[in-house]
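What follows is one structure encoded as structure tokens, with my remarks underneath.
Every read-out reported here was derived from the displayed coordinates using simple, explicitly stated rules and does not represent laboratory data. Everything numeric here is computed off the predicted structure, so don't read it as measured data. Note that each Cβ is placed from the backbone with ideal geometry, even for glycine, and that neighbours are counted across all protein chains shown.
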Amino acid sequence: MSSQGAPPPPHRTPAPTPESAVLIAKLAGLADSRRDEDHEELTQLLLDTRTLDLLDEPDARDKSRPGDLHIAEIVKHLVANPSAPATRSLDALTRNETFNTSWQRQELLIHALAVQRPLSPESLAFLDAQGKADSVNLHIAIDALCNNSSEPALALLGHKLIDPALDSLYKIAWMRGPILLHRRDPEMLRAAEKWLTKGKLDRELREALAEALFDYRPDEWYAGGEGFPRPAPEPAAKSETAVLVRRIGQTIIESDFPEKIKASVRSTLKLLAP
């Protein structure tokens, strides 16, 4: 699901000038480093408006897609660096107002945090803010939480699913989108089990979540065309995932869910039979 913002025209950012090419090479080298002092220099540069404008000239930046910006290359280098200093650099960017005046740079950070494990408190706070009702990057933030699938990320996702400020239609779309894509991940199943049994989902959302876990009706759920989500194949009968699917399915069968949902659960459980 895309962000709520209007998509910019599909063209790439102009090639870097000789001056900006030198800057990009320097910043990428700093981002690759594992030394604290290099990352201190990197964050100081990236928190400076002059650096950001030299990397991506404002008029071109505002018409470009996030992945086409030159700053995207620097963020990629940070994501590929597993060191603690690189993580601290990303954390510093999430906290900085200057860096985050651009929704494109915000989106780049969201994608970076989708693969960060463990998620730092700063990262969670940033994703929480990006997942507010008035955020242009709301849906992308939800995608990132699902893709990350760590316990803190899914705990935050659970809070989003019961947040009254967020539209229920959005929540159902997330269940039939990024949650469905990860519905056979053990981490997602453990979280979904809590949401169904101990959470505060209303009846409509509990049923929508159960459907997303055990059913798949693309003609009904999506507007047609191509590119709609497709769930992963069912797991091997003796896998950890299968154990979780059986347990959740049995809970649904023994609860007050509609018979249509229970029938879908039974069909799925038959596929997992030893």
| query | Which angle from 0 to 90°, rounded to the nearest 10, does the C-alpha axis of helix 36-46 make with the longest principal axis of the chain? | reply | 80 degrees
| Does anyone have the angle between helix 71-80 and the longest principal axis of the chain? Alpha-carbon axes, 0 to 90°, nearest 10? | 60 degrees
| note | Rounded to the nearest 10, the angle in degrees between the Cα long axis of helix 151-161 and the longest principal axis of the Cα atoms of the chain comes to 70 degrees
| Do any trypsin sites (Lys or Arg not before Pro) in the range 195-237 lie in a loop, going by DSSP, with at most 12 other beta-carbon atoms within 10 Å of their beta carbon, and if so which? | LYS198, LYS200
| Sorting SER33, SER168 on the 10 Å Cβ count, fewest up front, what's the list? | SER168, SER33
| Considering the values [x] 6, 28, 36, 23, 6, 0, 0; [y] 6, 26, 29, 20, 13, 5, 0; [z] 6, 20, 24, 21, 19, 9, 1, which represents P(r) over Cα pairs in 10 Å bins from 0, in percent as calculated for the structure under consideration? | [y]
| Of ASN96, ASN147, ASN137, which is the most mobile in a GNM of the chain whose springs link Cα atoms less than 10 angstrom apart? | ASN96
| field | Förster radius 45 Å - calculated FRET efficiency between SER120 and LEU201 (Cβ-Cβ, nearest 0.05) | value | 0.95
| In straight Cα distance, which lysines are under 22 Å from LYS76, not counting same-chain residues fewer than 8 positions off? | LYS26, LYS63
| Efficiency of FRET between ARG95 and ALA21 - r from beta-carbon atoms, R0 35 angstrom, step 0.05 | 0.75
| note | Candidate cut points under chymotrypsin sites (Phe, Trp or Tyr not before Pro) in the range 130-221, DSSP loop plus at most 11 other Cβ atoms within 10 Å of their own Cβ, are none
| request: With springs only between Cα atoms under 10 Å apart, run a GNM on the chain and tell me which of ASP202, ASP185, ASP128 wobbles the most. | output: ASP202
| In what order do GLU107, GLU204 fall by count of nearby beta-carbon atoms within 10 Å, going from fewest to most? | GLU204, GLU107
| query | Cα to Cα, under 26 Å, and not fewer than 8 places away if on the same chain: which lysines meet these conditions relative to LYS260? | reply | LYS171, LYS194, LYS198, LYS200, LYS270
| remark: Rounded to a whole number, the Stokes-Einstein D of the range 1-153 in µm²/s (Kirkwood radius over Cα pairs; 10 °C; 1.306 mPa s) is 102 µm²/s
